[in-house]
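The values are calculated or read from the model by the stated rules, or taken from the named source; none is laboratory data. All values derive from a computational prediction rather than experimental measurement. Neighbour counts are summed over all protein chains in view; Cβ atoms, including those assigned to glycine, are modelled from backbone coordinates with ideal geometry.
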Amino acid sequence: MTYSIIARCPHTGRLGLGIATFSIGVGGRCEGILAGVGICKTQAYTNRGNDPLAIELLAQGFGPAHVLRMLEQNDPNHDYRQIAIVDREGNGAAHTGAGTRPWSGHKIGAGYVAFGNVLAGPQVIEAIAAGFMNEPEEALELRLLAALEGGRKAGGQVGAEGHLIERSAAVRVVADPDYPDIDVRVDLHDDAVAELRRVLEEFKRYEVFYRERGRDPSTAITQAQFVARLEGRA
Amino acid sequence: MTYTILGRCQRTGRLGIGIATFSITVGRYCYGVKSMTGVTVSQAFANERNNALALRLLAQGFGAGSVLSQLMANDRYFDYRQIGVIDRSGTSAAYTGPRTLGWSGHVTGDNHVAFGNGLVGPEVADAIAAGFMAKPDADLEHRLLMGIEAGRDAGGQGTRQEHKAERSAALRVYSQHPYADIDLRVDLHATAVEELRRVWSEYKKYETYYRDRERNPRGAIGQEAFMATLRAAEA
């Protein structure tokens, strides 16, 4: 019961991940992303060691298909995992184990992988891909969010007892190995994808201010002054 | 305007961060923690490269005091920064630049740093440290949360005339793995510390279930079935 997209921006080379799920705090299980190296996300019955290991292997120079084989060789429960990998060139690979709960599957496209499990059906994956491709000139974080919204609109997660709400969601985009460019999360909410849009849109208003005040504090205004400007009070 | 506790568990060696602030999505500044290596946060007018650089220095074997000196020597704007560091042996170091805003300062001790800026006064930093030390045998994530809550209860951010809301908060703890044990965030909320307690309390109910289904998927029940057992236990 998770749907995700990992992708590389063809214009900038930025790497990103979007995810929504029924489980709590999913953004805390998304460490498999490193600027200039690649992205790996393991889900379903996840293996937490997979994503850091895959990043090490991608950094060594192995391609996604070979990394996937090495993860398989390393894991006796590989058939319960769902894994997607995109490398620094946008090449993708994916695995949806036979032991994941239905409906589960993935789609590998140009520079992205859309994947999920315990979903309403294959239309969810198609809608994630379509949402991502809808405005290819947009910033990667907005494309990732549009992909998640596409997946939710197409029915999202459906478990044994019917539709499952999204309780947590996250979008991460990296351009530099030292810190994330975009890193927004909702950890526990009744409509986490909608809440994630609220957080991302609010963050986008502050993004430049937060970055520049750290880079040159000597010319920075206070956040109180900045908020006053945002609200049209000054 | 931010208040933070860095902590190391003296029993287990686990390392963690608790943080609350007016800025949104503060959890994105909390990647300066790594298993068996150390923990650091740069705040106030934060230098975005400091946390990654400090972790590399800690991994090379430099102690907390030396790491702090090197960060300061590397940064032309260091007088705007506030930095805390704990190394893997539990030695701590902290710096509060004279150009950080409002009341700002830090309290350091073995295995902890309590620090903040834009605060009501020094009683907030003292309360954070006391909250962290109140139950030394509790889990590190619980102690970090109690530290933050004590800071809030002592007045938190702003001035004695006007409180500044905590809009985001985060809790991260590492043990021996290359991924976090605990990694919870509230990115945009009117009372982020209270919300972080709610998220943490709920997550704790699932923590063992989430871990065990990953390690042994063959024996795992579905999350809906697990929630039914939770509801039965609470009834």
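Structure summary
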quantity	calculated
A:Leu58 vs. criteria within 15 Å of the chain's Cα centre (by Cα) and over 22 Å from A:Asn117 (Cβ atoms)	no
Test: residue in the range A:45-66 that is in a loop (DSSP other than H, G, I, E, B) and hydroxyl-bearing (Ser, Thr, Tyr)	yes
Inter-residue pairs, beta-carbon under 6 Å, first at pLDDT 95 or above and in the range A:185-199, second of a type in the set (Val, Ile, Thr) and buried (at least 20 other Cβ atoms within 10 Å of the Cβ), 6+ apart	A:Asp187/B:Val199; A:Leu188/A:Ile24; A:Leu188/B:Val199; A:Ala192/A:Val186; A:Glu195/A:Val186; A:Leu196/A:Val186; A:Val199/A:Val184
Complete set of residues in the range B:169-193 that are at the interface with chain A (Cβ under 10 Å from one of its Cβ atoms) and farther than 17 Å from A:Ala169 by Cβ	B:Leu171, B:Arg172, B:His177, B:Pro178, B:Tyr179, B:Ala180, B:Asp181, B:Ile182
Residue selected from the range A:84-118 under the condition over 24 Å from B:Asn216 (Cβ atoms) and either charged (D, E, K, R) or within 14 Å of chain B (Cβ to nearest Cβ) (or both), by the criterion surrounded by the fewest Cβ atoms within 10 Å (Cβ to Cβ)	A:Glu89
Residue within the range A:222-230 that is in contact (Cβ under 8 Å) with a residue 24 or more places away in the chain and buried (at least 22 other Cβ atoms within 10 Å of the Cβ) present	no
Residues located in the range A:1-42, provided they are at the interface with chain B (Cβ under 10 Å from one of its Cβ atoms) and not hydrophobic (A, V, I, L, M, F, W, C)	A:Thr21, A:Ser23, A:Gly25, A:Gly27, A:Gly28, A:Arg29, A:Glu31, A:Gly32, A:Thr42
Members of the range B:160-187 that are over 29 Å from A:Asn50 (Cβ atoms) and surrounded by fewer than 23 Cβ atoms within 10 Å (Cβ to Cβ)	B:Arg160, B:Gln161, B:Glu162, B:His163, B:Lys164, B:Ala165, B:Arg167
Qualifying residue in the range B:31-46 (condition: in a loop (DSSP other than H, G, I, E, B), more than 15 Å from the chain's Cα centre (by Cα) and within 11 Å of chain A (Cβ to nearest Cβ))	yes
Yes/no for B:Asp75 being part of a loop (DSSP other than H, G, I, E, B), over 23 Å from A:Ser218 (Cβ atoms) and more than 17 Å from the chain's Cα centre (by Cα)	no
Counted residues, the range B:199-235 - those being loosely packed, with under 15 Cβ neighbours inside 10 Å and either polar (S, T, N, Q) or in contact (Cβ under 8 Å) with a residue 40 or more places away in the chain (or both)	4
Residue that is of a type in the set (D, E, K, R) and in contact with a helix residue (DSSP H, G or I) (Cβ under 8 Å, 6 or more places away or on another chain), where the choices are B:Glu194, B:Glu166	B:Glu166
Members of the range B:72-91 found to be among the aliphatic types (A, V, I, L, M) and more than 13 Å from chain A (Cβ to nearest Cβ), listed by number	B:Met72, B:Ala73, B:Val85, B:Ile86
Some residue of the range A:178-198 being part of a loop (DSSP other than H, G, I, E, B), farther than 26 Å from B:Glu207 by Cβ and within 12 Å of chain B (Cβ to nearest Cβ)	yes
Candidate set from the range B:4-30 (those that are away from every other protein chain (no Cβ under 14 Å) and surrounded by fewer than 22 Cβ atoms within 10 Å (Cβ to Cβ)); member that is nearest to B:His142 (Cα to Cα)	B:Cys9
Which numbered condition A:Asp79 fails, given (1) part of a helix (DSSP H, G or I); (2) at the interface with chain B (Cβ under 9 Å from one of its Cβ atoms); (3) in contact (Cβ under 8 Å) with a residue 24 or more places away in the chain; (4) under 18 Å from A:Gly99 (Cα atoms)	(3)
For B:Met72: the one exception among (1) surrounded by fewer than 24 Cβ atoms within 10 Å (Cβ to Cβ); (2) in contact with a strand residue (DSSP E or B) (Cβ under 6 Å, 6 or more places away or on another chain); (3) not charged (D, E, K, R)	(2)
Search result, residues across the range A:205-234 that are hydroxyl-bearing (Ser, Thr, Tyr) and within 23 Å of B:Phe78 (Cβ to Cβ)	A:Tyr210, A:Ser218, A:Thr219, A:Thr222
